[in-house]
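First the structure, in the form of structure tokens, and then the observations on it.
Here, each number is a calculation from the coordinates, and none is a lab measurement. What you see is a predicted model; the values in this text were computed from it and never measured. Note that each Cβ is placed from the backbone with ideal geometry, even for glycine, and that neighbours are counted across all protein chains shown.
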Amino acid sequence: MSISERLNLVLKDMNLKIKEFSDKSTVAYRSLQNYLSGEREPNTESLIKLSTQMGINLNWLLTGSGNMYIADVQESDEYAYIPVYDVEVSAGHGTTAYGVTEPDSRLAFRKDWLTSRGLKPVCLHAVIARGDSMEPTIGNKDTLLVDTERNTPRDGHIYVIRAGDTLWVKRIQQQPDNSLLLISDNHTYPPMPLRLEDHPDIEIIGRVVNVSKELN
């Protein structure tokens, strides 16, 4: 059974029309149509929304293994529970990504804190940094809060970037030729140029908006 067939099963199980499912999941209507028809497979941002908004077990959606839904997370008026994915992003020379699965755990953030910073829980997830190239800003094993809504590069901000099977966390600087320069805060690491024509599959997953430090 394909991803599109499993996604159609979810719609049938929830007894929702495509427009209703789009509204609830915040996945764009046209994108959802493409996923349901099998014309395209869901991207990272859509997968995260399907998990956090609709409770779909991404391991089941992607592979057919496990249950259709993840265990319910206790609702709270005060806290939002942000999924933490067992995916490492490189603050070094690049870490191979093995794909998005169901959340490994969740972190509680006060809703008023998120709102005051213009952050929407549905657009947030957390991943783990590896390496020392972004020190002192980001250290090895720090937890990064990533806002997938802010995926348009702006000079000087820190982003999680995917190129093929590799994930980086770097500052971005756009170049006049439309290429990207990935810059490390640790100046022993030279800037890394990324030419878009050499990496047609490049994806800016989102901006890093918070860092939880790992204390030695």
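A few comments on the model shown:
- Inter-centroid distance (Cα atoms) of the stretch 170-216 relative to the stretch 126-144, Å: 13
- Karplus-based coupling profile of the stretch 35-51, in residue order and whole Hz: 5, 5, 7, x, 5, 9, 9, x, 7, 4, 4, 5, 4, 5, 5, 4, 6, with θ = phi - 60° in 6.51 cos²θ - 1.76 cosθ + 1.60 and x standing for Gly or Pro.
- The order of 44, 115, 143, going from fewest to most other C-beta atoms within 10 Å of their C-beta, is 115, 143, 44.
- Applying the Karplus relation 6.51 cos²θ - 1.76 cosθ + 1.60 with θ = phi - 60° to the stretch 142-149 yields 3J(HN,Hα) values of 5, 9, 10, 8, 10, 9, 6, 6 Hz, where x marks Gly and Pro.
- Inter-label distance, nm, simple model (7 Å from Cα along the C-beta direction), residue 34/residue 115: 3.4
- At 0.692 mPa s and 37 °C, Stokes D of the chain from Kirkwood alpha-carbon radius, µm² per second: 180
- Of 113, 168, 60, the residue with the greatest mean-square motion in the GNM of the chain, using alpha carbon springs below 10 Å, is 113.
- Entries of 17/170; 12/111; 24/170; 49/170; 19/170 with Cα pairs more than 29 Å apart: 17/170; 12/111; 24/170; 19/170
- With contacts taken as Cα pairs under 8 Å at a separation of at least 6 residues, the chain carries a relative contact order of 16 percent.
- Electrostatic tally near residue 158: other residues with Cβ closer than 10 Å to its Cβ, Lys and Arg +1, Asp and Glu -1, net +2.
- Net charge over other residues, Cβ less than 14 angstrom from the Cβ of residue 38 (K, R count +1; D, E count -1): -1
- Point-to-point label distance, residue 213-residue 67, nm (Cα→Cβ direction, 7 Å offset): 3.9
- Note on 132, 165: ascending count of other Cβ atoms within 10 Å places them as 165, 132, the fewest first.
- Around the amide H of residue 79, modelled in the peptide plane, lie the amide H atoms of 111, all under 5 Å away and 5 or more residues distant in sequence or on another chain.
- Proximity of backbone amide H atoms, modeled 1.01 Å from N, is registered between residue 166 and 97 at under 5 Å, excluding neighbours fewer than 5 places apart on the same chain.
- DSSP-defined beta bridges in the chain - what % are antiparallel, rounded to 5: 90
- 3J(HN,Hα) from dihedral phi, the stretch 186-199, Karplus parametrisation 6.51/-1.76/1.60, rounded to Hz, x for glycine, proline: 7, 6, 6, 9, x, x, 10, x, 10, 8, 4, 5, 7, 9
- Dipole magnitude (debye, nearest 20) for the chain, charges at Cβ of Lys, Arg, Asp, Glu: 400
- Amide hydrogen neighbours beyond the local backbone of residue 150, cut-off 5 Å, H modeled: 207
- With neighbours defined as other Cβ atoms within 10 Å of a residue's Cβ, the residues 183, 18 order from fewest to most as 18, 183.
- Within the chain, longest stretch clear of exposed GluC sites (Glu not before Pro) (DSSP loop, no more than 10 other Cβ within 10 Å): 79-196
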